[in-house]
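The values are calculated or read from the model by the stated rules, or taken from the named source; none is laboratory data. Just so it is clear, the model here is predicted, and its values are computed rather than measured. We place every Cβ from the backbone using ideal geometry, glycine too, and count neighbours over all the protein chains shown. Heavy atoms of the whole protein, side chains included, go into the accessibility calculation; ligands, DNA and RNA do not. Shrake-Rupley method; radii C 1.70, N 1.55, O 1.52, S 1.80 Å.
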Amino acid sequence: MTPDEARAKWKGTSANLCHDWLTGMRGGERCLELLCQMFEDARIYTLIHNESAVSDTINQHTVATSRLQGLPNIMTRYRNFLPFFPRAIESFTPRDANVQISTSHCVAKGLKPGPNTRHLCYCFTPMRYAWTFYEEYFGSNPIKAVVLKPILHCLRRWDKRTSKRVDHFVAISKHVQTRIKDFYDRDSTVIYPPVDTDRHQPNGLPPEDFDLIVSALVPYKRIDLAIQAYADLDRKLKIVGIGGELDSLKAMAGPNVEFLEWQSDETVRDLYQRCHMLIFPGEEDFGIVPLEAQSCGRPVVAYGRGGALETIVAGETGVFFAEQTPDALSSAITSCASMIWDPALIRKNAERFAIPRFIEEISGAIETLLADSD
């Protein structure tokens, strides 16, 4: 199903969309963008909105923001205000609509729906900052741990309590489906996020002599692990991305590691097409980057946990490493470099996650949700 077909299908259906924050165009925002195309009159509710950092498709909609929007330097410091997010999302009084779709990894699913509104949550994960990856986000400082412990306890209670505001959960992976059951005691269906396979295609040329990372430079992505591995490898690594770890990662990197920082979508696609392999050293709930690389016909070396297990086929589209150590990653990179890869076979795997499939499945979930309310 194309976006135009979905828009025709849902014409006349009023919809509210809720997203945690709009500060860039990552995998979650690509999902929101498609929902915006499906519901052309939808209103968007979000904590903060940086118009210059998101697409015209999103900006063309009416976007309501919380009071956090007016705080100084909020676009770069918003995570410092995590304890205030629940109250901020609950401060909205959304219009009554047929359907509310929250795309949530933090507090978006806590938006209170109108009295006649059915709520579907497309869940990237239960509140990541409160339930999982604590040290990866906040560090292992014992003083900070003492201060944050009661705050995170309250956030977990709020997160579980507000899960009851959702009529139906859709998980982005089986990995997240398990978390939804464990943390919320709720069932869910799985609809994988989309990859734009039309835009990401092989260039038909042999790979060049560099490997690639495309990632935010934050602790849980484990870019440090890759830099340590490449210190002992006679291979070039290019890293695309920005984030709080940039300076420290540059300081530890050897001469064979190049930091490209922010790059346009077109440049990133070109790098996917030209690289020898993509390196994916962290544990992700799903991970759209490995699929974009596979759509361009390039293999992936990934940590063998989380969503990567659902998007990469060992020996056909990539290589897994079992432990997050430099030696384990280095061994997987060496193995990947020694193998002969079929770009057409790699791309075929990515095509299972194409945009029309996502639109068809999410439309079916919305249709079922609304039918259950009759």
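A few points about this structure:
- If only residues of region 103-120 that are farther than 10 Å from Asn16 by Cα and among the β-branched types (Val, Ile, Thr) are counted, the one that is farthest from the chain's Cα centre (by Cα) is Val107.
- Consider region 56-82 and keep the residues that are under 19 Å from the mean Cα position of the chain (by Cα) and surrounded by fewer than 15 Cβ atoms within 10 Å (Cβ to Cβ). The one that is farthest from Ala108 (Cα to Cα) is Thr76.
- Filter pass, Arg269 being at negative phi and either crowded, with 24+ Cβ neighbours inside 10 Å or aromatic (Phe, Trp, Tyr) (or both): no
- Here is the figure for region 1-38: residues that are open to solvent by 40 Å² or more (accessible area, probe 1.4 Å) and more than 21 Å from the chain's Cα centre (by Cα) total 9.
- Residue within region 346-369 that is more than 23 Å from Arg30 (Cβ to Cβ) and among the aliphatic types (A, V, I, L, M) present: no
- Every residue from region 190-211 that is outside any loop (DSSP other than H, G, I, E, B), in contact (Cβ under 8 Å) with a residue 60 or more places away in the chain and either in contact with a Ser or Thr (Cβ under 9 Å, 6 or more places away or on another chain) or of a type in the set (A, V, I, L, M) (or both): Val195
- Applying a threshold of 9 Å to beta carbon distances and a minimum spacing of six or more residues, or different chains, the list of pairs starting in region 109-123 at a residue that is at pLDDT below 95 and ending at one that is open to solvent by 10 Å² or more (accessible area, probe 1.4 Å) reads Gly114/Thr93; Gly114/Pro94; Gly114/Arg95; Gly114/Asp96; Pro115/Asp96; Asn116/Asp96; Asn116/Asn98; Asn116/Ser373.
- Candidates Ala88, Ala130, Ala97, filtered to the one that is touching a Leu at 6+ places or on another chain (Cβ under 9 Å) and either among the polar types (S, T, N, Q) or touching a residue at least 40 places away in the same chain (Cβ under 8 Å) (or both): Ala88
- In region 339-356, of all residues being aliphatic (A, V, I, L, M) and within 8 Å of Thr317 (Cα to Cα), the one that is surrounded by the most Cβ atoms within 10 Å (Cβ to Cβ) corresponds to Ile346.
- Qualifying residue in region 280-288 (condition: surrounded by 20 or more Cβ atoms within 10 Å (Cβ to Cβ), over 21 Å from the mean Cα position of the chain (by Cα) and either in contact (Cβ under 8 Å) with a residue 12 or more places away in the chain or over 29 Å from Arg128 (Cα atoms) (or both)): no
- Restricting the first member to region 259-273 and to residues that are part of a loop (DSSP other than H, G, I, E, B), and the second to residues that are among the hydrophobic types (A, V, I, L, M, F, W, C), the beta-carbon pairs closer than 8 Å and six or more apart or on different chains are Trp262/Val240; Trp262/Ile242; Gln263/Val240; Gln263/Leu271.
- Failed condition for Ile359, given (1) buried (at least 20 other Cβ atoms within 10 Å of the Cβ); (2) in contact (Cβ under 8 Å) with a residue 24 or more places away in the chain; (3) not in a helix (DSSP H, G or I): (3)
- Selection count, region 136-189, where residues are modelled with pLDDT under 85, assigned to a loop (DSSP other than H, G, I, E, B) and not small (Gly, Ala, Ser): 1
- Within region 178-213, the set of residues being under 23 Å from Phe280 (Cβ atoms) and either open to solvent by less than 30 Å² (accessible area, probe 1.4 Å) or in contact with a His (Cβ under 6 Å, 6 or more places away or on another chain) (or both) comprises Arg179, Ile191, Pro193, Pro194, Val195, Thr197, His200, Pro207, Phe210, Asp211, Leu212, Ile213.
- Any hit, region 213-229, residues being free of Cβ contacts under 8 Å to residues at least 40 places away in the same chain and not in a loop (DSSP other than H, G, I, E, B): yes
- Number of positions in region 83-102 that are aromatic (Phe, Trp, Tyr), open to solvent by less than 60 Å² (accessible area, probe 1.4 Å) and within 18 Å of Tyr129 (Cα to Cα): 1
- Top-ranked residue of region 306-325 - restricted to ones that are in contact (Cβ under 8 Å) with a residue 40 or more places away in the chain and open to solvent by 40 Å² or more (accessible area, probe 1.4 Å), ranked as nearest to Asp232 (Cα to Cα): Thr325
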